[in-house]
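Heads up: the structure comes next, in structure tokens.
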Amino acid sequence: MKRIKDLIANALPGNKNASGLSFEEFRDSAPLRVDGQEWSPEALWFAWSTGTALHLADLPDTFEDEPDADPGPSEWHLAMLRKGVPPRVVRCLEGDYQITPAMNAAKRWTQGTFLCLSGESGVGKSVAAGWLISRGPLGPCPFTQPQGHEQFAYWPHGPRWTRATDLARGFDEIPGEIRRASVLVIDDLGDEKNDEHSRARLSSLLSERDDLQARTVITTNLNAATIKHRYGTRFVDRIKGHGFLTAIRGETMRAR
Ligand SMILES: Nc1ncnc2c1ncn2[C@@H]1O[C@H](COP(=O)(O)OP(=O)(O)OP(=O)(O)O)[C@@H](O)[C@H]1O
Ligand SMILES: [Mg+2]
């Protein structure tokens, strides 16, 4: 480096560059980099000796207070993602969502342990389930007292979104934060493998939550008769006895 500096110094008459500045003058008048840091000595030498501007004319000095700066996802958005709600459902709920038949069924569910939304694909069952997650538990939650203060209160086991396929596979015990979620969504019941193992895992989760009176939302493409045939009479009786099994009709909203 020293050798290069000496060569440059010899080539530039009177130790001044093409703009007539000595290296010291150039260095002292150099602006900070766009990220607010100082330029390295090598970069300063290069710029001084070759006459390269350190300031790009059209580039703002700072990126603060830019009118179009994207503020990024909201706190609410991130909290929903942490609960496992799929991004497309969160985005739909953050926009101007409509009051669909599925949404109405969700709003009417003010008591009972279970809500099963059964219907064709695309009628808005998952979006309605996401809305219920965002409301949190209604009424007393069976899992101890809310912690924290007033509007910052939270339940030790918060609301949770799961998919039937994920619950059904595997041999480990289903984690406590799912079994004891203050509101649990089981999305797409019936999409999981139809075998003894899957049915047993889902049935036992349902009976545990029934015994605890912990609110559980199920979405499914299966109708009541098929659910009964596949999971047995007790499964359907639990849902209907301690909640609602609602058929959601309507056109698919997916194409819009
Ligand atoms: N309340 C709503 N307001 C506006 N758009 C909605 C609403 N509900 C659903 N949609 C639109 O319809 C799409 C499908 O909705 P959703 O995923 O809830 O259907 P689904 O009934 O769960 O279907 P599947 O049985 O295939 O899971 C959403 O991605 C969204 O674009
Ligand atoms: Mg769905």
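Every read-out reported here was derived from the displayed coordinates using simple, explicitly stated rules and does not represent laboratory data. Computed from a predicted model, the values in this text were never measured in an experiment. Using ideal geometry, Cβ is built from the backbone for each residue, glycine included, and neighbour counts are taken over all protein chains shown.
Shape class of the chain from the Cα gyration tensor (axes a ≥ b ≥ c, square roots of the eigenvalues): prolate, since a/c reaches 1.5 or more and a/b is larger than b/c.
Inter-label distance, Arg88 to Ser204: 3.3 nm, where each label sits 7 Å from its Cα along the C-beta direction. Under a 5 Å amide H cut-off, with hydrogens placed 1.01 Å from N, Met253 pairs with Val123, Gly124 among residues at least 5 apart or on other chains. The residues neighbouring Leu93, those whose beta-carbon lies less than 13 Å from its own, together hold a net charge of +2 under the Lys/Arg +1, Asp/Glu -1 convention.
Net charge dipole, the chain: roughly 1640 debye, given to the nearest 20, about the Cα centre with Cβ charges of +1 for Lys and Arg and -1 for Asp and Glu.
Residues in the stretch 15-29 carry Karplus couplings, in order, of 6, 10, 8, 4, 8, x, 9, 6, 4, 5, 4, 4, 4, 5, 9 Hz; the curve used is 6.51 cos²θ - 1.76 cosθ + 1.60 with θ = phi - 60°, and Gly or Pro positions show x.
Each residue of the stretch 179-193 was assigned a 3J(HN,Hα) from its phi angle through the Karplus curve 6.51 cos²θ - 1.76 cosθ + 1.60 (θ = phi - 60°); the sequence is 4, 10, 5, 5, 9, 10, 9, 10, 8, 6, 4, x, 7, 6, 4 Hz, with glycine and proline shown as x.
Ranking of Ile218, Ile248 by neighbouring Cβ atoms within 10 Å, starting from the fewest: Ile248, Ile218. Mean residue ellipticity at 222 nm, helices only, the chain: -11500 deg cm²/dmol; runs of at least 4 DSSP H residues each add -39,500 (n - 2.57), and the sum is divided by the number of residues. The lysine pair tally for the chain, using Cα distances under 27 Å and a gap of 8 or more places or different chains, is 15. For the stretch 75-248, the share of DSSP beta bridges that are antiparallel, to the nearest 5, is 5%.
Summarising the amide proton neighbourhood of Leu245: residues at separation of 5 or more, or on other chains, whose placed amide H is nearer than 5 Å comprise Cys116.
Scalar couplings 3J(HN,Hα) for the stretch 158-170, obtained by applying the Karplus form with A = 6.51, B = -1.76, C = 1.60 to θ = phi - 60°, are x, x, 8, 9, 9, 10, 4, 4, 6, 5, 6, 7, x Hz; x denotes Gly and Pro. Close amide H partners of Arg163, meaning residues 5 or more places away or on another chain with modelled amide H under 5 Å apart, are Asp187. Electrostatic bookkeeping for Val123 treats Lys and Arg as +1 and Asp and Glu as -1; over the other residues with beta carbon under 11 Å from its beta carbon, the sum is +1.
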